[in-house]
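Have a look at the structure below before the remarks.
The values are calculated or read from the model by the stated rules, or taken from the named source; none is laboratory data. Nothing here was measured: the structure is a model prediction, and the numbers come from that model. Ideal geometry is used to build each Cβ from the backbone, glycine not excepted, and the neighbour counts take in all protein chains shown. In case anyone asks, the SASA skips ligands and DNA or RNA and just uses the protein heavy atoms, side chains included. Shrake-Rupley method; radii C 1.70, N 1.55, O 1.52, S 1.80 Å.
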Amino acid sequence: CAIMVLHFKKKVGIDMLYISTRGKSDMVSASHAIASGLASDGGLFVPKELPHLSATEIQAMADAPYSSRALTVLSRFLTDFSEAELKACISKAYSKESFGVEIAPLHKVKNNVDVLELWHGPTSAFKDMALQILPLFLTKAVAKTGEEKKLVILVATSGDTGKAALAGFANVPGTEVIVFYPDQGVSQMQKLQMITQAGVNVHVVAVKGNFDDAQTGVKILFGDKDLAAQLVQNGLAFSSANSINWGRLVPQIVYYFSAYVDAMKTGRIKFGDKINFSVPTGNFGDILAGYFAKLMGLPVNKFICASNSNNVLSDFINTGTYNKNRPFRKTASPSMDILVSSNLERLLFEVTDHDGVQVSKWMEELREKGQYNVSKPIQDRILTDFFGTWVDEIETRETIGDVFNNYGYVMDPHSAVAYRALEKYRLLTSDDRYSIVLSTASPFKFSNVVLNSIAPDVKLADDNPFNAIKLLSEKGQIEAPAPLVALEKLPLLHNDVIEKNGLKAEIAKILEL
């Protein structure tokens, strides 16, 4: 059917259109891209052309609150949303009630390293930065596209996305949200956050397998034509809250600009100084948002792509070969336990100058053979902006302990991976410039691991995460987030466990198809 592209003229005078990374779908509006989640050809939506922010516009963010910074960035991408609509979404999403006083603060660790804390939202993970605003975008996008079906939000999670999506979409009219998570692949706290989630429209299901099994299953559901027909007959349509949805990724661009101007305000850098960002990376969405910020004009030298023992991404950056045919390892940083990184497709589309045919070939090779190879010129282009390295389990725990003992700062395992990756980058390149480490989760979501790392002499009587939270708060001299503490007294509401090939049947049961 034809898609109506709404034209709301902004001061930049450009209407942003979106195309698929596979190159076989029509150009669509931002609203359609957000409402659909995935392009009809199986690709991911990206802007046809990225907007640019001038030096003056970036510097002006320094004296503005986070909400104004968000408006500056988001208004360039969501051009079929009015300024009033964007302001309303931003105000509600990033309220003091949800994020406290500071939404995405920088914390100084040492002279040339700051940590960007992205976990001050309601679920104590960086996914809140996007998933508090995505439901608001989606509600307005559905109205703009004239979609009258109830949206079924499908989510595969490696830990944090699930809870953030559940919290964001709980009781949102016109939606059902279904989260699939690997049964043994998330932390105790992450699991408790999901299975205690209340809401008339929320469903949480464990999958016997790893995150890639859940993510692959969800992608298959999106491409199932028979299932799509059943949904239409029942007045339903699929959408996504994973980072394959452009509406999930675009809010993450904001905090790269915000971090940079905050570093300017504190005198850590002068405008124009190129800095490094070290990002704990699994599905490649978080680091990709930073790359888009750089393409928009943010002065960045390198993005350190920090992998854990599931080092498929760092291997790809360093060899040009993406190969998922390797052992899947469960680690202390479970949100990065991923072997198929969906958002890498968006990067490949950019570095091939929007060659959808080539990207489609690589994705087909990945599906059929589990691997693909890019040419040396493409790899060199990626290496211009990215440095890939990985951190094992021993190093992760050592880093948590070292940073606490040397600087008094408590970080979670994912943040520790990024911190150690930055140290490795500096050792190998002698680049000691000012850098920002992205901290993606509260240490209290992984209290047992963090406590053992900063206080190995403390012995827990059991693996009860709430006992670990209390001890970590004492040893680390930091306050635990109230929502995590409150989980101890909440009822367990979701206990379904299915085989990894059972997602379609489970969907049919939940939706009564």
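Just a few scattered comments:
- Cross-link reach list, lysines versus LYS489, counting only Cα pairs under 29 Å and skipping chain neighbours closer than eight places: LYS92, LYS96, LYS127, LYS163, LYS191, LYS208, LYS330, LYS445, LYS459, LYS470, LYS475
- Rounded to the nearest whole angstrom, the semi-axes of the ellipsoid equivalent to the range 367-467, taken from the Cα gyration tensor as √(5λ), stand at 33, 19, 11, largest first.
- For LYS110, the lysines whose Cα falls under 20 Å of its own Cα, not counting residues fewer than eight places away in the same chain, are LYS265, LYS270, LYS274, LYS302, LYS424.
- Over all Cα atoms in the range 171-240, the spread is summed up by Rg and Dmax: 13.6, 39 Å.
- Each of PHE271 and ALA170 was given a label point 7 Å from its Cα along the Cα-to-Cβ line. The distance between the two points is 4.2 nm.
- Structure-derived Rg and Dmax of the Cα atoms in Å: which label, when the choices are (i) 24.1, 79; (ii) 26.0, 87; (iii) 21.4, 65: (iii)
- Accessible-area composition of the chain, carbon plus sulfur, in percent [1.4 Å probe]: 50
- Ellipticity estimate at 222 nm from DSSP helix runs (n ≥ 4, -39,500 (n - 2.57)) divided over the chain, nearest 500: -13500 deg cm²/dmol
- Förster radius 56 Å - calculated FRET efficiency between ASN406 and GLU83, Cβ distance, rounded to 0.05: 0.75
- The length gained on full extension between ASN495 and ASP431, counted as 0.36 nm times the residue separation minus their Cα-Cα distance, comes to 18.1 nm.
- In this structure THR266 has an accessible area near 100 Å², from a 1.4 Å probe over the protein heavy atoms.
- In this simple spin-label approximation, VAL200 and GLU479 carry label points 7 Å from Cα along the Cα→Cβ vector, and these lie 3.5 nm apart.
- For the range 175-320, the alpha carbon positions stretch 57, 34, 34 Å along the principal axes, listed from largest to smallest.
- Theoretical gain in end-to-end length, THR319 to ASP353 [0.36 nm per residue, Cα-Cα removed]: 10.2 nm
- Note on exposure: ARG426, ARG248, ARG367 ranked by accessible area (1.4 Å probe, complete protein assembly) read ARG367, ARG426, ARG248, with the most exposed listed first.
- Taking 7 Å steps out from each Cα toward its Cβ at ALA62 and ALA461 produces label points 5.5 nm apart.
- Each principal axis of the range 104-198 carries a Cα extent, and these read 54, 34, 18 Å when sorted largest first.
- Rolling a 1.4 angstrom probe over the protein heavy atoms with all chains in place gives the chain an accessible area of 39 Å² per residue.
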